[in-house]
Amino acid sequence: FNSALTITADYFDKKTKDMLMEMPIPNYVGNSAPQGNVGTMSNKGFELELGYKWNIGKVNMYANGNVSKIKNKITDIGEDRTINGDSWNNQTVTRSENGYPFIYCYGLVAKGIFRSDAEIQAHVNSKGEVLQPNAVHGELKFRNMNDDNVINNNDRTFIGQSNPDWLY
């Protein structure tokens, strides 16, 4: 190819320690948590870049593209600890905890969309009670994750990560 084609491939497996995060303190302290170097995280992935250069008369042309996949995971921020992140409408929507991606999306799991009154009335718990009695057509139908017969904040869970699986 007369040095016109370039290929670069990288693989990485990085362990990060001493991440700057809020330090856990007891509630009775009555103050906000101080920042400290307390977290560890694992980042694994690869990146592939392809390039090609050519000439059209006196004009030099170059095109390249890359693709990467990165997987990260919090490995230690303290035992049984979560760090709440962003909120919307007084609800936490992102958080971090051991064994999950750094800053993941946290919320209710949607099963679909209510399309009729019959669907709303059929979305019941084990006692036969309607789970979302105030729902109207077009609203999301939520899953009762903990089988406690109500849909509330206790049904919120990991619903995705904030970083895409693939970048290109």
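The values are calculated or read from the model by the stated rules, or taken from the named source; none is laboratory data. What you are looking at is a predicted structure, and each value in this text was computed from that prediction instead of being measured. Don't worry about glycine lacking a Cβ; one is built from the backbone with ideal geometry, like all the others, and counts go over all protein chains shown. Side chains included, ligands, DNA and RNA excluded: accessible areas come from the protein's heavy atoms. Shrake-Rupley method; radii C 1.70, N 1.55, O 1.52, S 1.80 Å.
Some notes on this structure:
- Some residue of segment 102-117 being surrounded by 15 or more Cβ atoms within 10 Å (Cβ to Cβ), touching a helix residue (DSSP H, G or I) at 6+ places or on another chain (Cβ under 7 Å) and closer than 28 Å to Thr157 by Cβ: yes
- Segment 146-168, residues that are open to solvent by 80 Å² or more (accessible area, probe 1.4 Å), part of a loop (DSSP other than H, G, I, E, B) and modelled with pLDDT of 90 or more: Tyr168
- Failed criterion for Gln91 (all others in (1) over 16 Å from Phe158 (Cβ atoms); (2) touching a residue at least 60 places away in the same chain (Cβ under 8 Å) hold): (1)
- Residues that are within 10 Å of Lys53 (Cβ to Cβ) and either open to solvent by less than 80 Å² (accessible area, probe 1.4 Å) or in a strand (DSSP E or B) (or both) within segment 1-16 comprise Ala4, Leu5, Thr6, listed in sequence order.
- For Ile159: the one exception among (1) within 27 Å of the chain's Cα centre (by Cα); (2) aliphatic (A, V, I, L, M); (3) more than 17 Å from Lys73 (Cβ to Cβ): (3)
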